[in-house]
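Input: a single structure, listed below in C-alpha cells.
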Amino acid sequence: MESLVYSFLAGSSTIIGASILMLFGHPTKKAMALILSFAAGIMLALAMFELMPEALELGSTLSVVVGFILGCAMMFGVDRILPHAHLSRSGQLEVENPENFPETDRAVIRTGYLVFFGIALHNLPEGLAIGAGLEANPELGLYIAIAIGLHNIPEGLAVAGPLRAGGMSRFKVLLFTLAAGMMTVVGTAIGLLIVNISTMLVSALLAFAAGAMAYIVNDELIPQANRLHNHLANIGLFSGILIGFILF
C-alpha cells in the first residue's frame with residue numbers, strides 16, 4: 001500500500017507542470033533547461049549511487065548487468081516505436097514517430113495526444129522502479145518516488161502545452177495530464193506482483209530501473225536541456241548529481 005501511495009504522489013506531480021502552464025504560461029528556455037537538467041542529475045545519482053549498489057547487494061554481478069541492459073533496451077524500444085516529443089532548441093515540441101498514431105483533424109491536438117500517449121507508457125517502468133525499490137528498502141523507494149516526481153513536472157508541461165493550445169478545456173487538460181502520470185501507479189502495481197518471487201529478481205528489477213533511468217537521462221533530459229541553454233544545463237546537472245550524492 002505504501003508503494004502505491006508513493007507512486008501516486010510521484011505520478012500526480014505531472015499536475016504541477018500542467019498547473020504552472022495554466023497559471024504562468026510556458027516557462028522560459030532558461031528555466032526549462034534548469035528543471036530538466038536538475039531532474040537528470042537527481043535521476044543519474046539515484047541510478048548510480050543507490051539502485052546499482054542495492055541491486056548488487058541483493059543479487060549478483062550477472063543479474064545487475066542483465067537487468068541494466070534490459071532496462072536500457074526496453075527504453076530504446078519504446079523510443080523507436082512510440083510517438084513522443086522532445087523540446088527543440090527554440091523551446092517548441094518536436095514529435096517523433098507521429099506515423100505510429102492515428103490522424104486527427106487538428107494538428108495541435110494531435111500533437112497533444114501523441115505526447116500524452118508516449119509519456120503515459122514511458123511512466124510504466126518508472127512505477128516498476130518504485131515498487132522494486134520499496135521491496136528492497138523503504139527509504140530507497142521514497143528516494144525513487146521523489147526523483148520520478150521531479151522528472152514528471154516537465155512531462156506535465158509537455159502534455160498540457162499542445163492540448164491547451166489546441167483548445168481543450170483546462171479541466172480536460174488536467175485530467176489528461178493526471179492520467180499520463182497515473183501510469184506510474186500501474187507500473188508499481190505490476191512490480192508488486194512480481195518482486196516477491198526472489199531477491200535475485202528484485203536485484204534485476206532495481207538494475208532494470210537504473211538502466212531505464214540512465215537511458216531517459218542520456219537520451220532525453222540532458223540533450224533537451226543542452227539545446228535550451230547548455231551552461232545552465234551543466235549547472236542543473238551537476239547540482240542534481242551533488243544533491244543526489246548527499247541525499248542517497
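Pairwise inverse Cα distances across region 126-215, averaged and inverted, put the Kirkwood hydrodynamic radius at 14.0 Å. Taking 0.692 mPa s as the viscosity and 37 °C as the temperature, the Stokes-Einstein diffusion coefficient of region 1-73 based on its alpha-carbon Kirkwood radius rounds to 217 µm²/s.
The numbers here are math on the coordinates, done by the rules we state, and not lab data. Being a predicted model, the structure only gives us computed values, none of them experimental.
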